[in-house]
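J.: Please read through the structure below; I'll follow up with questions.
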Amino acid sequence: KVRLVHGLWRQAAWHPEQGVMLKFLSNDFDQPRWKTAALKNAFALLGKRRFEMAAAFFLLGGSLKDAVNVCLKQINDIQLAIALVRVVEGDQSPMLLELLNTSVIPMSFKEANRWLASWAFWKINRRDLSVRILIEFASMLVAEGFNVSEVGESNYDDPSLALLYSRLKTMTLQTIKGSSMIPGQQEFDFVLQISRAATHLLLILSLPGHSTPPKFPEKGYLNSLPRRIQGPPLLIPHPPVSFAQNPVAVRLLTSTLTSILRRELPPVSPVIDQNAARGRTGFGSLMQTAKRDVQVIVLGTGLTECILSGLLSVDGKKVLHMDRNDYYGGDSASLNLTQLYRKYRPSQSPPTELGRDRDYAIDLIPKFIMGSGELTKILVHTDVTRYLEFKQIAGSFVYRDGRISKVPSTEMEAVKSPLMGLFEKRRAKQFFEFLQSWKDEDPATHQGLNLDTDTMQAVYSYFKLEPGTQDFIGHAMALYLDDDYKTKPARPTYERIVLYTSSMARWGKSPYLYPLYGLGELPQAFARLSAIYGGTYMLDKKVDEIVLDSHGKFAGVRSGNETVKAKQVIGDPSYFGASASGVTSGKVRVVEEHKVIRAICVLKHPIPGTDDSDSAQIIIPQNQVGRRNDIYIAMVSSTHNVCAENVYIAIVSTIIETDRPEMEIAPGLQLLGQIYDK
């Protein structure tokens, strides 16, 4: 209904966002580009706590699931969630079925709401249970094996339940089956309790001086009854028009109770006033959930913190996520040009010839994702891939004997590769076949080697591999930073090589994936997951103090004059004084062992020797340049939506070994060609 919404916005001349919304809604949201734009706006609106607008933009971007989650977790309006699913996908929607099973039915048991439970069972085609739930409750839970964590205290003080039961019990074969499974004594007790409540109401109406129906309390008319017939107070608030104020309903109830006791069908009832019908269901606010206190505070928006925040929110925890920066990602964020220059060159503005600021998302810490690695499995398992788009890295390269060579990804590339001579290729082929055929339970595949006790150097020696081949395998495939792995058992190296080859076989060209718009999208994806499931995010929020109680245990977090209390805190070490100088008390949580130097370089051309690849990883093994640690080069481009057209971002990094760190990355900088800015 985009056109309809566009027309409504045209009439909203008073709204300050009218112009922006009209311009945005004029786009074609069948195109992936504008769907992505709508989703990004939705996440931005979540951060501003404009939840209704966020849900609308999720619908605009085609993400019904996220819109429903916002209604459930943020707006606390399950009716709106149900309405959205039924309007968008209809009554046969799998999402509606999931919503009923995972949210509505547990809620109805928790609040002992028979009306809601009966409706939910009817919608999932369990019409036998739709009848039984009106009389049975806890007993039916055990019999049917429902996994419900909380069950409210049930009562039979709502006379309108008798009307619903009478109408449903013989409506279909399923409802007849359901009513036949209700024990006779339990049905009799139900009718007796309803009769007592209804009789009391009729007596009140017949008292002298009550020419008009009495006004009952807001929480339900039965709260005013004597305790001996009242039972537990009703959990369902009733609207102003009560059951007793509808004379047609009173007459119908009398007839219904009599017919149930006589096991007869009631006469055909006249049409009941719609306001009264809605009133007896209590469908207005019965599904509103109470706000909970913050249970977990997460400090910092690095990838680890955001993963934990997302998983905790999905698990139902109330999470408050804070970051001192005005961007997501912490030390591993992706910054635009203005943020990048403000961080490293505060007195300088970005060159205008580099293009628009919004075209850039430059990583502070470069990383490519292994196609079959643990991080990929986490992304798939948590379903945050629906918030991300990936593109494959064009190639993996290694520096050897003064030149850049591509790591072979096909058999033809392996034959042509200059990395090995003819006889060495044959020995390497035998080595990889050995790894591929290895089976722990089959000694015939071991060739006398034991991966758990033999060192990797022993395995290399067994296949008579040259030092250059060992460098290629250990550093370009197993991705070790130094040669210490050679003196350790071969099992971890075997697993790393298998991971590399399986990722290469799965994706081709290279084993690496990279998210569009930079690595900063990874923590943002989990932040979005947390926000949709009720998490609250606060960027650019300074953390002044970790508040402890009298026993020295965590009690809350203070920011300025505000203190938020919680039972648990999670955060990166810098929030706990790990990076502060002169800290003399408290537990040491981080020990600095190494430092890393990274040079972010802006190029106007691809890296020479990479076949004009739009992205690449180049590894310079330490033995090739006389170092202890490898040098890494990661290059991405506008193909990955991280910079403007015809611009390339290359990041050269290594572990610092001397007091002249920039000289240590000189071999990597020389491979880049002409550098526009660094």
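J.: Full-extension gain between THR639 and LEU539, please, as 0.36 nm times their residue separation minus the C-alpha to C-alpha distance. Kindly include the intermediate steps, with their values, before the conclusion.
T.: Values: separation 100, 0.36 × 100 = 36.00 nm, distance 2.90 nm.
Contour length minus the Cα-Cα distance gives 33.1 nm.
J.: For the pair ARG3/ALA44, report the inter-label distance in nm, with labels modelled 7 Å from Cα in the Cβ direction.
T.: It works out to 2.8 nm between the two label points.
J.: Using a Förster radius of 51 Å, what is the FRET efficiency between THR382 and GLN186 based on their Cβ-Cβ separation? Nearest 0.05, please.
T.: 0.70
J.: In what order, largest first, do ARG86, ARG345 sit by accessible area if the probe radius is 1.4 Å? Can you show the working numbers first?
T.: Working: ARG86 90, ARG345 70 Å².
The residues order as ARG86, ARG345, largest area first.
J.: Give the lysines reachable from LYS678 as a straight Cα distance under 26 Å; neighbours fewer than 8 places away on the same chain don't count.
T.: Candidates past the 8-residue exclusion: LYS343, LYS367, LYS391, LYS406, LYS595, LYS604.
J.: State, as an integer percentage, the relative contact order of the range 28-97 based on alpha-carbon contacts under 8 Å between residues 6 or more apart.
T.: 22
J.: A further question on this structure: Based on the alpha carbons, how large is the Rg to Rh ratio for the range 348-405 when Rh follows Kirkwood?
T.: Dividing the radius of gyration by the Kirkwood radius yields 1.10.
J.: Now for a different question. Using heavy-atom solvent-accessible surface (probe 1.4 Å) with all chains present, what is the largest-first order of LYS542, LYS604?
T.: Largest accessible area first, the residues go LYS542, LYS604.
J.: Turning to a different aspect of this structure: Taking the range 390-439 as the region of interest, what is the percent of Cα-Cα pairs per 5 angstrom bin, listed from the shortest bin to the one with the maximum distance?
T.: Using 5 Å bins, I get a P(r) of 4, 17, 21, 24, 17, 11, 4, 1 for the range 390-439.
J.: Please list 593-600, 359-366 highest first by mean number of surrounding beta-carbon atoms within 10 Å per residue.
T.: 359-366, 593-600
J.: I need the chymotrypsin sites (Phe, Trp or Tyr not before Pro) found in the range 605-678, filtered to DSSP loop residues with at most 15 other beta carbons within 10 Å of theirs.
T.: Qualifying residues, ordered by number: TYR676.
J.: For MET663, MET95, MET477, give the ranking by accessible area with the largest first, probe 1.4 Å.
T.: Descending accessible area places them as MET663, MET95, MET477.
J.: If R0 is 56 Å, what FRET efficiency do you get for LEU173 and PHE554 from their C-beta distance, rounded to 0.05?
T.: Here the calculated transfer efficiency is 0.40.
J.: May I pose another question? Please give the solvent-accessible surface of LEU303 in Å², to the nearest 10, using a probe radius of 1.4 Å with every protein chain present.
T.: Around 40 Å² of this residue is reachable by solvent.
J.: While we're on this one: Label 7 Å along Cα→Cβ of ASP677; the range 596-634 residues with amide nitrogen under 20 Å?
T.: Output list for this probe position: 598-607, 634.
J.: Further question: Solvent-accessible area per residue for the range 607-660 at a 1.4 Å probe radius, Å²?
T.: Averaged over the residues of the range 607-660, the accessible area is 37 Å².
J.: Still on this structure, please answer the following. Sticking with the crude label model, points 7 Å out along Cα→Cβ, report the distance from ASN76 to SER93 in nm, one decimal please.
T.: So the two model labels end up 2.3 nm from each other.
J.: In nm, what is the difference between 0.36 nm times the number of residues separating PHE390 and GLU374 and their Cα-Cα distance?
T.: Numbers: separation 16, 0.36 × 16 = 5.76 nm, distance 1.60 nm.
So the extension gain works out to 4.2 nm.
J.: How many nm is it between the label spots at ALA505 and ASN101, if each spot is 7 Å from the Cα in line with the beta carbon?
T.: A separation of 3.5 nm, rounded to one decimal place.
J.: Another one. First check a/c for the range 18-60, with a ≥ b ≥ c the square roots of the eigenvalues of its C-alpha gyration tensor; if it is under 1.5, answer rounded, and if not, answer prolate when a/b is larger than b/c or oblate otherwise.
T.: Note, shape of the range 18-60 comes out oblate.
J.: On to the next question. What is the gain in length, in nm to one decimal, between GLU441 and SER349 on full extension, counting 0.36 nm per residue of separation less the C-alpha to C-alpha distance?
T.: Taking GLU441 through SER349 to full extension adds about 26.9 nm, to one decimal.
The values are calculated or read from the model by the stated rules, or taken from the named source; none is laboratory data. Given the structure is predicted, the values throughout are model-derived calculations rather than measurements. Backbone-built Cβ (ideal geometry, glycine too); neighbour counts: all protein chains shown. The area values use the complete protein model at the heavy-atom level, side chains included, leaving out ligands, DNA and RNA. Shrake-Rupley method; radii C 1.70, N 1.55, O 1.52, S 1.80 Å.
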